[in-house]
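S.K.: Sharing a structure below in C-alpha cells format, with a few things to ask.
The values are calculated or read from the model by the stated rules, or taken from the named source; none is laboratory data. Just so we're clear, the structure is a prediction, and the values are computed from it rather than from any experiment. For neighbour counting, all protein chains shown are included, and Cβ atoms are generated from backbone atoms with ideal geometry for every residue, glycine included. Just so you know, the surface numbers come from the protein's heavy atoms only, side chains and all, with ligands and any DNA or RNA stripped out. Shrake-Rupley method; radii C 1.70, N 1.55, O 1.52, S 1.80 Å.
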Amino acid sequence: MADDKDVLRDVWFGRIPTCFTLYQDEITEREAEPFYLLLPRMSYLTLVTDKVKKHFLKVMKAEDIEEMWFDFEGTSLKWHYPIGLLFDLHASNTALPWSITVHFKNFPERDLLHCPSNSVIEAHFMSSIKEADALKHKSQVINDMQKKDHKQLWMGLQNVVLCSSDKFDQFWAMNRKLMEYPTEEGGFRYIPFRIYLTMSDRPFIQKLFRPISPDGHTHTLGDLLKEVYPVAIPNDDESKHYQVVIHGIEPLLETPLQWLSEHLSHPDNFLHISVIPAPSD
C-alpha cells in the first residue's frame, strides 16, 4: 500500500467531543449531571461507553435499568455503525460537543440490534473484515491469518480508545496485510465501501466496484458516485445539494478510490461514505 502514515495516524486518533445526558423521563434518585467524553471515531458506541453507564447508574435504582441505548435528536444511534459514521451522518453540521441522549428503558426493537456483550461487537467486527477481504483478495489474506492474528485486529479496535502510538502500530502491523495487493494489479479486486443516505429508508448502498477500469483508468470517488448515486454530484451550472463526507471531511471527487480505501477505511476495512444534505446558508 502507498504509505501515508500521517494520514493513517490522523484518522486513528480522530476524536469527537461528546456530552451525554440522561433522558428526561428516566427515573432517578437525584439529578443526573451530564457526562463528557472524547469519543474515538474509529470505535463503536457500546465499546467505549462503560464510563457513561457507570456515571448514570449512580443516580438510578437497579430495577429501573434495562439495556442502555442512545439517540441524537430523536434518531436512535446504531451501535454497529462506527462512531465517526454516526456523527457524519446525523450531526455533521451541528455545534460541538455532540449532544447524545442516554436511555435505559423502552429499547427501540425496530431500529436497533441488541448488544448484550463485547463478544457481539467482536463477531460483527470480524464478520465485516472477512466480507471486506472477500471483496479485496477473495478472502485469501484473512484465511491465511491465524486466530491470534484475528485477535490482534480485535484488540487493536478495543485499544483505539487509548491515545497510544504503540496501539496504532500494533493494529497496523496486522491490518497492513489486508491493505496489500500485487503491484501489477494496481489495486484491490473490488473496493469495500458503503454509501449511507440520511434521506433514505435503505440502510446503505453497496455494490461491486473496481478501483481500476478495464482500460486501465484509475477510478476516483467521483467515478464511484456517478455510478452508484449520481445525484450527489452537482451539474456545472447548479449549486451543491449534498455533502460527501468521510471521517468528517469532504475529499476531492478526483481522489483515487484505491487511496481512499487504503487510508480512510475504518478498522473493519470498509470505506464508510455519508451523503448528507448540504447546509442552507
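S.K.: Check every one of the helices (runs of 4 or more DSSP H) wholly within region 123-226 and list those with 2 or more residues that are polar (S, T, N, Q), modelled with pLDDT under 95 and closer than 30 Å to L77 by Cα.
M.R.: Numbers: elements: 140-144, 147-159, 165-178.
So the answer is 147-159, 165-178.
S.K.: Which residues, taken from region 86-130, are among the aromatic types (F, W, Y) and farther than 20 Å from L22 by Cβ? Give the steps one after another, and end with the answer.
M.R.: Quick first cut of region 86-130, residues among the aromatic types (F, W, Y) only: 87, 98, 104, 107, 125.
Listed by number, the residues that qualify are F87, F125.
S.K.: Of all residues in region 23-54, count the ones that are assigned to a strand (DSSP E or B), aliphatic (A, V, I, L, M) and buried (at least 18 other Cβ atoms within 10 Å of the Cβ).
M.R.: Let us first name the residues in region 23-54 that are assigned to a strand (DSSP E or B), namely 35-40.
Of the ones still in play, those that are also aliphatic (A, V, I, L, M) are 37-39.
Right, trim to buried (at least 18 other Cβ atoms within 10 Å of the Cβ) and you get 37, 39.
Of the residues in region 23-54, 2 are assigned to a strand (DSSP E or B), aliphatic (A, V, I, L, M) and buried (at least 18 other Cβ atoms within 10 Å of the Cβ).
S.K.: In region 76-104, which residue that is of a type in the set (G, A, S) and in a loop (DSSP other than H, G, I, E, B) is surrounded by the fewest Cβ atoms within 10 Å (Cβ to Cβ)? Please lay out each step first, then the result.
M.R.: Step one: list which residues in region 76-104 are of a type in the set (G, A, S), which gives 76, 84, 91-92, 95, 99.
When the remaining residues are screened for being in a loop (DSSP other than H, G, I, E, B), the result is 92, 95.
Details: S92: 16, A95: 7.
Checking each candidate, the answer is A95.
S.K.: How many residues are within 30 Å of N269 (Cα to Cα) and not acidic (D, E) if we restrict to region 43-77?
M.R.: In the first step, residues of region 43-77 are kept if they are within 30 Å of N269 (Cα to Cα); the result is 43-53, 67-77.
With not acidic (D, E) added as a condition, the list becomes 43-49, 51-53, 68-70, 72, 74-77.
Qualifying residue count for the region: 18.
S.K.: If you check every pair at least six apart or on different chains, which have Cβ atoms under 7 Å apart with a residue in region 96-123 that is of a type outside the set (F, W, Y) first and a residue that is open to solvent by 70 Å² or more (accessible area, probe 1.4 Å) second?
M.R.: Final answer for the pair search is P97/Y36; T101/Y23; V102/Y23; H103/Y23; K105/E66.
S.K.: Here is a follow-up. I'd like to check something: does region 15-22 contain any residue that is open to solvent by 90 Å² or more (accessible area, probe 1.4 Å) and touching a residue at least 40 places away in the same chain (Cβ under 8 Å)?
M.R.: At the first step, the residues of region 15-22 found to be open to solvent by 90 Å² or more (accessible area, probe 1.4 Å) are none.
No, there is no match, as no residue in region 15-22 is open to solvent by 90 Å² or more (accessible area, probe 1.4 Å) and touching a residue at least 40 places away in the same chain (Cβ under 8 Å).
S.K.: Please work out if I246 is crowded, with 20+ Cβ neighbours inside 10 Å, among the aliphatic types (A, V, I, L, M) and touching a helix residue (DSSP H, G or I) at 6+ places or on another chain (Cβ under 9 Å). Before the answer, list the steps.
M.R.: Working: crowded, with 20+ Cβ neighbours inside 10 Å: yes; among the aliphatic types (A, V, I, L, M): yes; touching a helix residue (DSSP H, G or I) at 6+ places or on another chain (Cβ under 9 Å): yes.
Considered against the rule, which asks whether it is crowded, with 20+ Cβ neighbours inside 10 Å, among the aliphatic types (A, V, I, L, M) and touching a helix residue (DSSP H, G or I) at 6+ places or on another chain (Cβ under 9 Å), I246 comes out as yes.
S.K.: Here are some residues: D215, D149, D169. Which one is more than 16 Å from the chain's Cα centre (by Cα), open to solvent by 90 Å² or more (accessible area, probe 1.4 Å) and among the acidic types (D, E)? Even if it seems obvious, please write down each step before you answer.
M.R.: On the way: D149 fails: open to solvent by 90 Å² or more (accessible area, probe 1.4 Å); D169 fails: open to solvent by 90 Å² or more (accessible area, probe 1.4 Å).
Being more than 16 Å from the chain's Cα centre (by Cα), open to solvent by 90 Å² or more (accessible area, probe 1.4 Å) and among the acidic types (D, E) holds for just one of D215, D149, D169, which is D215.
S.K.: Which ones in region 172-210 are open to solvent by less than 20 Å² (accessible area, probe 1.4 Å) and on the phi > 0 side of the Ramachandran plot?
M.R.: Hit for region 172-210 is G187, nothing else.
S.K.: Give the residue that is nearest to the chain's Cα centre (by Cα), with candidates limited to residues of region 251-281 that are exposed (fewer than 15 other Cβ atoms within 10 Å of the Cβ) and either outside any loop (DSSP other than H, G, I, E, B) or free of Cβ contacts under 8 Å to residues at least 24 places away in the same chain (or both). First the steps, then the outcome.
M.R.: Taking region 251-281 and keeping what is exposed (fewer than 15 other Cβ atoms within 10 Å of the Cβ), we get 252, 254, 277-281.
Going one step further and asking which of them are either outside any loop (DSSP other than H, G, I, E, B) or free of Cβ contacts under 8 Å to residues at least 24 places away in the same chain (or both), we end up with 277, 280-281.
Details: P277: 19, S280: 26, D281: 28 Å.
Taking the candidates together, the pick is P277.
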